[in-house]
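Peer 1: Quick one: the structure is below, questions incoming.
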Amino acid sequence: MTEQDDTRAPLPGTVPVSTGILAPAYAATTIGMFALIAIVAFEAMAVVTVMPSIARDLDGVPLYALSFAAPLASGVIGMVAAGGWSDRRGPTLPLVASLVLFCLGLVVCGTAPTMELLVAGRVLQGLGGGALTVGLYVIVGLVYDEDQQPSVFASFAAAWVLPSLFGPGVAAAVAHAWGWRWVFLSVVVLAAFATLLIAPALRGLPTREPVGGRSRGPGTPLAWAVLAAVAVLAVELLGSDEGAGPLLAGCALVVLGVAVRPLLPRGTLVAARGLPAVIGTRGILAASFFCAEAYIAYVLQEDWDLSPGRAGIALTVVGLVWAGASQVQARLGSLVGHVTLMRVSTATVLVGTTSLWLVVWLHLWAPLAVVAYAVCGAGMGLGYPRTGVAMLAASSADDRGFNAAALSIADALGAALALSVSGVAFTTADRLGGDPFLAAFGVAVASGLVGVLVAARTSPQRERAGSEGAPSPG
(Lines give C-alpha, C1' and ligand atoms only; values in the text may rest on other atoms or scores of the structure.)
Protein backbone atom coordinates (compact mmCIF):
# COMPACT_ATOMS: atom_id res chain seq x y z
CA MET A 1 0.00 0.00 0.00
CA THR A 2 3.63 2.11 -0.28
CA GLU A 3 1.62 4.30 -3.12
CA GLN A 4 -1.37 5.43 -0.85
CA ASP A 5 -1.31 9.07 0.16
CA ASP A 6 -3.36 12.11 1.12
CA THR A 7 -5.78 11.55 -1.77
CA ARG A 8 -7.51 8.88 0.36
CA ALA A 9 -9.54 11.74 1.88
CA PRO A 10 -12.04 13.21 -0.61
CA LEU A 11 -11.40 16.88 -1.21
CA PRO A 12 -14.27 19.38 -1.02
CA GLY A 13 -15.84 20.83 -4.12
CA THR A 14 -18.20 19.75 -6.87
CA VAL A 15 -17.90 19.81 -10.63
CA PRO A 16 -20.78 20.74 -12.95
CA VAL A 17 -22.04 17.83 -15.00
CA SER A 18 -21.26 19.62 -18.26
CA THR A 19 -17.59 19.90 -17.36
CA GLY A 20 -17.27 16.82 -15.16
CA ILE A 21 -14.23 14.61 -15.28
CA LEU A 22 -16.26 11.98 -17.16
CA ALA A 23 -17.45 14.42 -19.82
CA PRO A 24 -16.53 13.27 -23.35
CA ALA A 25 -13.46 15.50 -23.50
CA TYR A 26 -12.03 13.97 -20.29
CA ALA A 27 -13.54 10.50 -19.98
CA ALA A 28 -10.74 8.45 -21.55
CA THR A 29 -8.04 10.32 -19.63
CA THR A 30 -9.93 10.06 -16.33
CA ILE A 31 -10.62 6.35 -16.76
CA GLY A 32 -7.07 5.68 -17.91
CA MET A 33 -5.53 7.43 -14.89
CA PHE A 34 -7.97 5.71 -12.54
CA ALA A 35 -7.04 2.38 -14.10
CA LEU A 36 -3.29 3.02 -13.77
CA ILE A 37 -3.58 3.95 -10.08
CA ALA A 38 -5.83 0.94 -9.47
CA ILE A 39 -3.35 -1.36 -11.22
CA VAL A 40 -0.46 -0.12 -9.08
CA ALA A 41 -2.64 -0.54 -6.00
CA PHE A 42 -3.75 -4.04 -7.04
CA GLU A 43 -0.18 -5.10 -7.61
CA ALA A 44 0.79 -3.84 -4.15
CA MET A 45 -2.07 -5.72 -2.46
CA ALA A 46 -1.46 -8.84 -4.52
CA VAL A 47 2.24 -9.03 -3.74
CA VAL A 48 1.68 -8.83 0.01
CA THR A 49 -0.74 -11.74 -0.32
CA VAL A 50 1.45 -14.06 -2.39
CA MET A 51 4.98 -13.04 -1.36
CA PRO A 52 5.18 -15.66 1.43
CA SER A 53 4.53 -18.36 -1.17
CA ILE A 54 7.08 -16.78 -3.52
CA ALA A 55 9.75 -16.66 -0.82
CA ARG A 56 9.22 -20.32 0.01
CA ASP A 57 9.09 -21.38 -3.64
CA LEU A 58 12.31 -19.53 -4.55
CA ASP A 59 14.05 -20.39 -1.26
CA GLY A 60 14.36 -16.67 -0.62
CA VAL A 61 13.00 -16.08 2.88
CA PRO A 62 16.14 -14.08 3.89
CA LEU A 63 15.29 -11.60 1.12
CA TYR A 64 11.60 -11.37 2.00
CA ALA A 65 11.73 -7.90 3.55
CA LEU A 66 14.05 -6.64 0.82
CA SER A 67 11.42 -7.52 -1.78
CA PHE A 68 9.20 -4.86 -0.19
CA ALA A 69 11.92 -2.35 0.68
CA ALA A 70 13.42 -2.40 -2.84
CA PRO A 71 10.51 -0.79 -4.74
CA LEU A 72 9.98 1.80 -2.02
CA ALA A 73 13.63 2.85 -2.09
CA SER A 74 13.93 2.89 -5.88
CA GLY A 75 10.59 4.70 -6.06
CA VAL A 76 12.28 7.75 -4.54
CA ILE A 77 14.69 7.80 -7.46
CA GLY A 78 11.76 7.55 -9.86
CA MET A 79 9.92 10.42 -8.15
CA VAL A 80 12.88 12.78 -8.22
CA ALA A 81 13.87 11.87 -11.78
CA ALA A 82 10.33 12.17 -13.14
CA GLY A 83 9.76 15.48 -11.37
CA GLY A 84 12.86 17.08 -12.87
CA TRP A 85 12.23 15.56 -16.29
CA SER A 86 8.61 16.76 -16.30
CA ASP A 87 9.73 20.28 -15.37
CA ARG A 88 12.13 20.31 -18.32
CA ARG A 89 10.17 18.51 -21.03
CA GLY A 90 6.61 17.94 -19.84
CA PRO A 91 5.12 14.71 -18.47
CA THR A 92 4.62 12.65 -21.64
CA LEU A 93 8.06 11.06 -21.98
CA PRO A 94 8.49 10.53 -18.22
CA LEU A 95 5.11 8.81 -18.03
CA VAL A 96 5.86 6.54 -20.98
CA ALA A 97 9.25 5.66 -19.50
CA SER A 98 7.67 4.95 -16.12
CA LEU A 99 5.15 2.57 -17.66
CA VAL A 100 7.89 0.75 -19.56
CA LEU A 101 9.99 0.35 -16.40
CA PHE A 102 6.99 -0.74 -14.34
CA CYS A 103 5.95 -3.37 -16.87
CA LEU A 104 9.53 -4.53 -17.40
CA GLY A 105 9.83 -5.03 -13.66
CA LEU A 106 6.62 -7.08 -13.65
CA VAL A 107 7.95 -9.30 -16.42
CA VAL A 108 11.24 -9.82 -14.59
CA CYS A 109 9.37 -10.72 -11.39
CA GLY A 110 6.96 -13.02 -13.20
CA THR A 111 9.78 -14.97 -14.87
CA ALA A 112 12.38 -14.78 -12.09
CA PRO A 113 14.08 -18.16 -11.37
CA THR A 114 15.63 -16.86 -8.13
CA MET A 115 14.66 -14.51 -5.33
CA GLU A 116 17.62 -12.27 -6.17
CA LEU A 117 16.31 -11.69 -9.68
CA LEU A 118 12.82 -11.09 -8.34
CA VAL A 119 14.18 -8.37 -6.06
CA ALA A 120 15.88 -6.82 -9.11
CA GLY A 121 12.52 -6.80 -10.85
CA ARG A 122 11.00 -5.09 -7.82
CA VAL A 123 13.64 -2.37 -8.11
CA LEU A 124 12.51 -1.73 -11.69
CA GLN A 125 8.89 -1.71 -10.56
CA GLY A 126 9.69 0.88 -7.93
CA LEU A 127 11.47 3.14 -10.41
CA GLY A 128 8.46 3.00 -12.71
CA GLY A 129 5.85 3.25 -9.98
CA GLY A 130 7.43 6.28 -8.32
CA ALA A 131 7.79 8.09 -11.64
CA LEU A 132 4.26 7.12 -12.67
CA THR A 133 2.70 8.81 -9.66
CA VAL A 134 4.55 12.07 -10.34
CA GLY A 135 3.63 11.96 -14.04
CA LEU A 136 -0.07 11.51 -13.30
CA TYR A 137 -0.10 14.43 -10.89
CA VAL A 138 1.50 16.64 -13.53
CA ILE A 139 -1.12 15.54 -16.06
CA VAL A 140 -3.90 16.50 -13.65
CA GLY A 141 -2.49 20.01 -13.46
CA LEU A 142 -2.20 20.32 -17.24
CA VAL A 143 -5.42 18.67 -18.45
CA TYR A 144 -8.05 19.54 -15.83
CA ASP A 145 -9.40 22.89 -14.70
CA GLU A 146 -8.86 23.87 -11.08
CA ASP A 147 -12.48 23.13 -10.13
CA GLN A 148 -12.21 19.64 -11.65
CA GLN A 149 -9.04 18.62 -9.86
CA PRO A 150 -10.66 17.75 -6.49
CA SER A 151 -12.84 15.19 -8.24
CA VAL A 152 -9.82 13.70 -10.01
CA PHE A 153 -7.97 13.28 -6.72
CA ALA A 154 -11.08 11.76 -5.15
CA SER A 155 -11.09 9.20 -7.97
CA PHE A 156 -7.46 8.37 -7.12
CA ALA A 157 -8.62 7.67 -3.57
CA ALA A 158 -11.29 5.28 -4.82
CA ALA A 159 -8.71 3.63 -7.05
CA TRP A 160 -6.82 2.60 -3.91
CA VAL A 161 -9.88 1.41 -2.00
CA LEU A 162 -11.20 -0.98 -4.65
CA PRO A 163 -8.02 -3.10 -4.95
CA SER A 164 -7.89 -3.46 -1.17
CA LEU A 165 -11.37 -5.00 -1.35
CA PHE A 166 -10.75 -7.44 -4.18
CA GLY A 167 -6.99 -7.56 -4.75
CA PRO A 168 -5.99 -10.09 -2.06
CA GLY A 169 -8.74 -12.54 -3.00
CA VAL A 170 -8.11 -12.24 -6.73
CA ALA A 171 -4.36 -12.64 -6.23
CA ALA A 172 -4.84 -15.75 -4.11
CA ALA A 173 -7.22 -17.23 -6.70
CA VAL A 174 -4.84 -16.50 -9.59
CA ALA A 175 -1.89 -17.96 -7.69
CA HIS A 176 -3.90 -21.09 -6.83
CA ALA A 177 -5.16 -21.62 -10.38
CA TRP A 178 -2.13 -20.68 -12.49
CA GLY A 179 0.74 -19.98 -10.08
CA TRP A 180 2.07 -16.83 -8.46
CA ARG A 181 3.95 -15.77 -11.60
CA TRP A 182 0.69 -14.83 -13.28
CA VAL A 183 -0.07 -12.39 -10.47
CA PHE A 184 2.74 -10.27 -11.95
CA LEU A 185 2.30 -11.09 -15.63
CA SER A 186 -1.44 -10.41 -15.71
CA VAL A 187 -0.86 -6.87 -14.48
CA VAL A 188 1.21 -6.16 -17.62
CA VAL A 189 -1.87 -6.75 -19.78
CA LEU A 190 -3.99 -4.49 -17.59
CA ALA A 191 -1.36 -1.74 -17.67
CA ALA A 192 -1.20 -1.91 -21.48
CA PHE A 193 -4.97 -1.49 -21.69
CA ALA A 194 -4.95 1.52 -19.34
CA THR A 195 -2.13 3.08 -21.38
CA LEU A 196 -4.25 2.88 -24.53
CA LEU A 197 -6.97 4.87 -22.77
CA ILE A 198 -4.65 7.64 -21.66
CA ALA A 199 -2.61 7.79 -24.89
CA PRO A 200 -4.82 10.40 -26.66
CA ALA A 201 -4.34 12.83 -23.78
CA LEU A 202 -0.58 12.28 -23.78
CA ARG A 203 -0.29 13.21 -27.44
CA GLY A 204 -1.87 16.59 -26.79
CA LEU A 205 0.17 17.61 -23.76
CA PRO A 206 2.47 20.60 -24.13
CA THR A 207 6.18 20.53 -23.40
CA ARG A 208 7.70 22.95 -20.93
CA GLU A 209 10.52 25.39 -20.91
CA PRO A 210 13.28 24.56 -18.42
CA VAL A 211 12.36 25.70 -14.92
CA GLY A 212 14.98 26.77 -12.43
CA GLY A 213 14.88 25.73 -8.81
CA ARG A 214 16.65 26.70 -5.67
CA SER A 215 19.59 24.69 -4.54
CA ARG A 216 19.49 22.80 -1.29
CA GLY A 217 23.16 22.05 -1.07
CA PRO A 218 25.94 20.49 -3.11
CA GLY A 219 25.00 17.82 -5.60
CA THR A 220 21.74 17.28 -7.44
CA PRO A 221 18.52 15.91 -5.90
CA LEU A 222 18.68 12.88 -8.20
CA ALA A 223 22.22 12.01 -7.05
CA TRP A 224 21.20 12.28 -3.41
CA ALA A 225 18.09 10.17 -4.07
CA VAL A 226 20.19 7.41 -5.68
CA LEU A 227 22.64 7.44 -2.78
CA ALA A 228 19.82 7.34 -0.22
CA ALA A 229 18.09 4.43 -1.96
CA VAL A 230 21.31 2.41 -2.20
CA ALA A 231 22.10 3.09 1.46
CA VAL A 232 18.64 1.92 2.59
CA LEU A 233 18.96 -1.37 0.74
CA ALA A 234 22.54 -1.82 1.93
CA VAL A 235 21.33 -1.74 5.53
CA GLU A 236 19.61 -5.10 5.08
CA LEU A 237 22.08 -6.67 2.67
CA LEU A 238 24.97 -5.93 5.02
CA GLY A 239 23.22 -6.14 8.37
CA SER A 240 22.02 -9.71 7.83
CA ASP A 241 25.59 -10.98 7.40
CA GLU A 242 27.66 -12.11 10.32
CA GLY A 243 31.09 -10.71 11.15
CA ALA A 244 31.60 -7.15 9.95
CA GLY A 245 28.10 -6.97 8.45
CA PRO A 246 26.44 -5.01 11.29
CA LEU A 247 29.28 -2.49 11.34
CA LEU A 248 28.99 -1.94 7.60
CA ALA A 249 25.21 -1.60 7.97
CA GLY A 250 25.84 1.13 10.52
CA CYS A 251 28.03 2.91 8.00
CA ALA A 252 25.19 2.63 5.47
CA LEU A 253 22.88 4.33 7.97
CA VAL A 254 25.32 7.22 8.27
CA VAL A 255 25.46 7.52 4.49
CA LEU A 256 21.66 7.52 4.39
CA GLY A 257 21.54 10.36 6.89
CA VAL A 258 23.96 12.42 4.81
CA ALA A 259 22.16 11.68 1.53
CA VAL A 260 18.66 12.42 2.72
CA ARG A 261 19.39 15.78 4.37
CA PRO A 262 19.33 17.82 1.11
CA LEU A 263 16.00 16.21 0.19
CA LEU A 264 14.18 17.21 3.39
CA PRO A 265 13.53 20.48 5.25
CA ARG A 266 16.31 21.44 7.61
CA GLY A 267 15.89 19.84 11.02
CA THR A 268 13.78 16.87 9.88
CA LEU A 269 16.27 14.26 11.07
CA VAL A 270 16.22 15.70 14.60
CA ALA A 271 12.45 16.35 14.61
CA ALA A 272 12.73 20.12 14.89
CA ARG A 273 9.42 21.65 15.92
CA GLY A 274 6.90 22.46 13.22
CA LEU A 275 7.29 21.45 9.57
CA PRO A 276 10.35 19.20 10.07
CA ALA A 277 8.45 17.18 12.68
CA VAL A 278 5.43 16.97 10.34
CA ILE A 279 7.61 15.49 7.59
CA GLY A 280 9.20 13.16 10.14
CA THR A 281 5.80 12.05 11.41
CA ARG A 282 4.75 11.08 7.89
CA GLY A 283 7.90 9.00 7.42
CA ILE A 284 7.60 7.24 10.76
CA LEU A 285 3.90 6.49 10.29
CA ALA A 286 4.84 4.79 7.02
CA ALA A 287 7.71 2.96 8.73
CA SER A 288 5.56 1.47 11.46
CA PHE A 289 2.49 0.61 9.39
CA PHE A 290 4.11 -0.81 6.27
CA CYS A 291 6.53 -2.86 8.34
CA ALA A 292 3.51 -4.51 9.96
CA GLU A 293 1.76 -4.86 6.60
CA ALA A 294 4.67 -6.72 5.02
CA TYR A 295 4.46 -9.48 7.63
CA ILE A 296 0.76 -9.74 8.48
CA ALA A 297 -0.17 -12.17 5.69
CA TYR A 298 3.08 -14.07 6.25
CA VAL A 299 2.53 -14.60 9.97
CA LEU A 300 -1.10 -15.61 9.46
CA GLN A 301 0.02 -18.27 7.00
CA GLU A 302 2.97 -19.51 9.05
CA ASP A 303 1.71 -19.33 12.65
CA TRP A 304 -2.00 -19.97 12.08
CA ASP A 305 -1.76 -22.07 8.89
CA LEU A 306 -4.20 -19.89 6.96
CA SER A 307 -4.39 -20.04 3.18
CA PRO A 308 -3.16 -17.00 1.21
CA GLY A 309 -6.76 -16.11 0.42
CA ARG A 310 -7.88 -16.17 4.06
CA ALA A 311 -4.75 -14.35 5.21
CA GLY A 312 -5.42 -11.68 2.58
CA ILE A 313 -8.68 -10.82 4.33
CA ALA A 314 -6.56 -8.76 6.72
CA LEU A 315 -5.58 -6.49 3.84
CA THR A 316 -9.20 -6.08 2.80
CA VAL A 317 -10.25 -5.19 6.33
CA VAL A 318 -7.51 -2.64 6.78
CA GLY A 319 -8.30 -1.03 3.44
CA LEU A 320 -11.90 -0.47 4.53
CA VAL A 321 -10.86 0.81 7.96
CA TRP A 322 -8.26 3.17 6.47
CA ALA A 323 -10.81 4.61 4.02
CA GLY A 324 -13.43 4.95 6.77
CA ALA A 325 -11.02 6.72 9.11
CA SER A 326 -10.04 9.09 6.30
CA GLN A 327 -13.71 10.00 5.89
CA VAL A 328 -14.00 10.56 9.64
CA GLN A 329 -11.05 12.95 9.74
CA ALA A 330 -12.46 14.84 6.77
CA ARG A 331 -15.87 15.20 8.43
CA LEU A 332 -14.29 16.36 11.68
CA GLY A 333 -13.03 19.34 9.70
CA SER A 334 -12.53 22.38 11.90
CA LEU A 335 -13.58 20.53 15.06
CA VAL A 336 -10.20 18.85 15.45
CA GLY A 337 -6.91 20.40 14.35
CA HIS A 338 -4.43 18.54 12.21
CA VAL A 339 -1.78 18.58 14.96
CA THR A 340 -4.14 16.80 17.34
CA LEU A 341 -5.04 14.22 14.71
CA MET A 342 -1.39 13.53 13.94
CA ARG A 343 -0.79 12.87 17.62
CA VAL A 344 -3.87 10.66 17.89
CA SER A 345 -2.85 8.86 14.71
CA THR A 346 0.65 7.95 15.88
CA ALA A 347 -0.70 6.79 19.25
CA THR A 348 -3.30 4.63 17.49
CA VAL A 349 -0.70 3.03 15.22
CA LEU A 350 1.46 2.32 18.29
CA VAL A 351 -1.48 0.65 20.04
CA GLY A 352 -2.16 -1.43 16.93
CA THR A 353 1.42 -2.61 16.39
CA THR A 354 1.90 -3.36 20.09
CA SER A 355 -1.34 -5.37 20.15
CA LEU A 356 -0.23 -7.27 17.05
CA TRP A 357 3.10 -8.09 18.69
CA LEU A 358 1.30 -9.39 21.80
CA VAL A 359 -1.11 -11.52 19.74
CA VAL A 360 1.82 -13.15 17.95
CA TRP A 361 3.79 -13.60 21.17
CA LEU A 362 0.88 -15.23 23.02
CA HIS A 363 -0.37 -17.01 19.88
CA LEU A 364 -3.93 -15.84 20.45
CA TRP A 365 -6.89 -16.18 18.09
CA ALA A 366 -5.97 -15.25 14.51
CA PRO A 367 -8.83 -12.73 14.07
CA LEU A 368 -7.31 -10.74 16.94
CA ALA A 369 -4.21 -10.23 14.81
CA VAL A 370 -6.45 -8.89 12.04
CA VAL A 371 -8.19 -6.56 14.50
CA ALA A 372 -4.85 -5.27 15.79
CA TYR A 373 -3.71 -4.64 12.22
CA ALA A 374 -7.01 -2.85 11.50
CA VAL A 375 -6.32 -0.52 14.44
CA CYS A 376 -3.09 0.44 12.65
CA GLY A 377 -5.13 1.19 9.55
CA ALA A 378 -7.45 3.44 11.53
CA GLY A 379 -4.47 5.41 12.76
CA MET A 380 -3.17 5.81 9.22
CA GLY A 381 -6.54 6.98 7.92
CA LEU A 382 -6.76 9.62 10.63
CA GLY A 383 -3.22 10.93 10.33
CA TYR A 384 -1.98 10.46 6.77
CA PRO A 385 -4.21 13.15 5.18
CA ARG A 386 -3.44 15.60 7.97
CA THR A 387 0.30 15.38 7.44
CA GLY A 388 -0.33 16.77 3.97
CA VAL A 389 -2.58 19.50 5.35
CA ALA A 390 -0.02 20.47 7.98
CA MET A 391 2.75 20.51 5.37
CA LEU A 392 0.80 22.87 3.10
CA ALA A 393 -0.13 25.12 6.03
CA ALA A 394 3.55 25.50 6.93
CA SER A 395 4.67 26.11 3.34
CA SER A 396 4.89 29.18 1.16
CA ALA A 397 4.80 29.60 -2.59
CA ASP A 398 8.60 29.44 -2.60
CA ASP A 399 8.94 26.03 -0.95
CA ARG A 400 5.60 24.29 -1.43
CA GLY A 401 6.91 22.02 -4.20
CA PHE A 402 10.05 21.10 -2.28
CA ASN A 403 8.07 20.32 0.87
CA ALA A 404 5.50 18.25 -1.03
CA ALA A 405 8.30 16.20 -2.56
CA ALA A 406 9.94 15.86 0.85
CA LEU A 407 6.69 14.43 2.27
CA SER A 408 6.66 11.68 -0.38
CA ILE A 409 10.38 11.00 0.03
CA ALA A 410 10.04 10.68 3.81
CA ASP A 411 7.07 8.38 3.27
CA ALA A 412 8.93 6.02 0.93
CA LEU A 413 12.32 6.04 2.63
CA GLY A 414 10.81 5.71 6.10
CA ALA A 415 8.96 2.57 5.09
CA ALA A 416 11.93 1.19 3.15
CA LEU A 417 14.31 1.70 6.07
CA ALA A 418 11.96 0.05 8.54
CA LEU A 419 11.54 -2.91 6.19
CA SER A 420 15.31 -3.23 5.78
CA VAL A 421 15.83 -3.16 9.55
CA SER A 422 12.99 -5.64 10.05
CA GLY A 423 14.65 -7.95 7.52
CA VAL A 424 17.86 -7.85 9.55
CA ALA A 425 15.90 -8.51 12.75
CA PHE A 426 13.93 -11.35 11.13
CA THR A 427 17.04 -13.09 9.79
CA THR A 428 19.04 -12.62 12.99
CA ALA A 429 16.26 -13.92 15.23
CA ASP A 430 15.75 -16.93 12.98
CA ARG A 431 19.47 -17.70 13.01
CA LEU A 432 19.61 -17.47 16.81
CA GLY A 433 16.56 -19.68 17.31
CA GLY A 434 14.13 -16.90 18.31
CA ASP A 435 10.76 -15.97 16.85
CA PRO A 436 11.52 -13.99 13.68
CA PHE A 437 8.02 -12.53 13.50
CA LEU A 438 8.31 -11.07 16.99
CA ALA A 439 11.57 -9.45 15.93
CA ALA A 440 10.03 -8.01 12.77
CA PHE A 441 6.91 -6.68 14.50
CA GLY A 442 9.18 -5.33 17.23
CA VAL A 443 10.64 -2.96 14.63
CA ALA A 444 7.11 -1.76 13.85
CA VAL A 445 6.46 -1.16 17.55
CA ALA A 446 9.73 0.73 18.01
CA SER A 447 8.94 2.88 14.98
CA GLY A 448 5.48 3.59 16.39
CA LEU A 449 6.98 4.74 19.68
CA VAL A 450 9.32 7.13 17.87
CA GLY A 451 6.32 8.37 15.89
CA VAL A 452 4.49 9.35 19.07
CA LEU A 453 7.51 11.33 20.26
CA VAL A 454 7.97 13.11 16.92
CA ALA A 455 4.26 13.90 16.54
CA ALA A 456 4.40 15.70 19.89
CA ARG A 457 6.61 18.29 18.19
CA THR A 458 4.45 19.00 15.14
CA SER A 459 3.00 22.29 16.39
CA PRO A 460 5.07 25.38 15.51
CA GLN A 461 7.29 26.85 18.22
CA ARG A 462 5.18 29.98 18.57
CA GLU A 463 2.06 27.90 19.25
CA ARG A 464 3.39 25.67 22.02
CA ALA A 465 1.26 27.38 24.64
CA GLY A 466 -1.61 28.28 22.34
CA SER A 467 -3.61 26.86 19.52
CA GLU A 468 -2.51 24.24 17.05
CA GLY A 469 -2.92 26.46 14.08
CA ALA A 470 -5.76 26.80 11.66
CA PRO A 471 -7.43 23.44 11.25
CA SER A 472 -8.42 22.20 7.87
CA PRO A 473 -11.11 19.91 6.54
CA GLY A 474 -8.25 17.60 5.49
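Peer 1: Got a sec? Charge dipole of the range 82-149, +1 on Cβ for Lys and Arg, -1 for Asp and Glu; which of GLY128, GLY110, GLN149 is way out at the positive end?
Peer 2: GLY110
Peer 1: What relative contact order, as a whole-number percentage, does the chain give when Cα pairs under 8 Å and 6 or more residues apart are counted?
Peer 2: 22
Peer 1: Another question about this same structure. Using a Förster distance of 30 angstrom, determine the FRET efficiency expected from the C-beta separation of PHE193 and ALA158, and round it to 0.05.
Peer 2: On the way: r = 19 Å, r/R0 = 0.62.
Efficiency for this residue pair is about 0.95.
Peer 1: At a probe radius of 1.4 Å, what is the per-residue accessible area of GLU302, in Å² to the nearest 10?
Peer 2: 90
Peer 1: Also: Using a 1.4 Å probe on the protein heavy atoms, what percent of the accessible area of the chain belongs to carbon and sulfur?
Peer 2: Working: 12810 of 18750 Å².
Of the solvent-accessible surface of the chain, carbon and sulfur hold 68 percent.
Peer 1: If a/c stays under 1.5 just call it rounded; otherwise compare a/b with b/c (prolate if a/b is bigger, oblate if not). Do that for the range 293-354, with a ≥ b ≥ c from the square roots of the Cα gyration tensor eigenvalues.
Peer 2: Because a/c hits 1.5 or more and a/b fails to exceed b/c, the range 293-354 counts as oblate.
Peer 1: Around LEU264, which amide H atoms from residues at least 5 apart in sequence, or from another chain, sit under 5 Å from its own amide H, with H modelled in the peptide plane?
Peer 2: HN-HN under 5 Å from LEU264: empty list.
Peer 1: Stretched out fully, how many nm does the piece from ARG266 to THR111 gain, at 0.36 nm a residue minus the Cα gap?
Peer 2: Details: separation 155, 0.36 × 155 = 55.80 nm, distance 4.33 nm.
Gain on stretching ARG266 to THR111: 51.5 nm.
Peer 1: Let me ask something else. Ignoring ligands, DNA and RNA, what accessible area per residue does the range 38-147 give at 1.4 Å, in Å²? Mind showing how you got there, number by number?
Peer 2: Values: 3310 Å² over 110 residues.
Solvent-accessible surface per residue comes out at 30 Å².
Peer 1: Ok, one more. Is the shape of the chain rounded, prolate or oblate, going by the alpha carbon gyration tensor and its root eigenvalues a ≥ b ≥ c, with a/c under 1.5 for rounded and a/b larger than b/c for prolate? Mind dumping the intermediate values first?
Peer 2: Details: a/c = 1.33, a/b = 1.15, b/c = 1.15.
Rounded, because the longest to shortest axis ratio a/c is under 1.5.
Peer 1: So if each residue of separation counts as 0.36 nm, and I subtract the Cα-Cα distance between ARG89 and ARG331, what length gain in nm does that give? Don't skip to the end; give the middle numbers.
Peer 2: Numbers: separation 242, 0.36 × 242 = 87.12 nm, distance 3.95 nm.
That works out to 83.2 nm of additional length.
The values are calculated or read from the model by the stated rules, or taken from the named source; none is laboratory data. These figures come from a predicted structure and were not determined experimentally. Positions of Cβ are generated from backbone atoms using ideal geometry, with glycine treated the same way; all protein chains shown enter the neighbour counts. Side chains included, ligands, DNA and RNA excluded: accessible areas come from the protein's heavy atoms. Shrake-Rupley method; radii C 1.70, N 1.55, O 1.52, S 1.80 Å.
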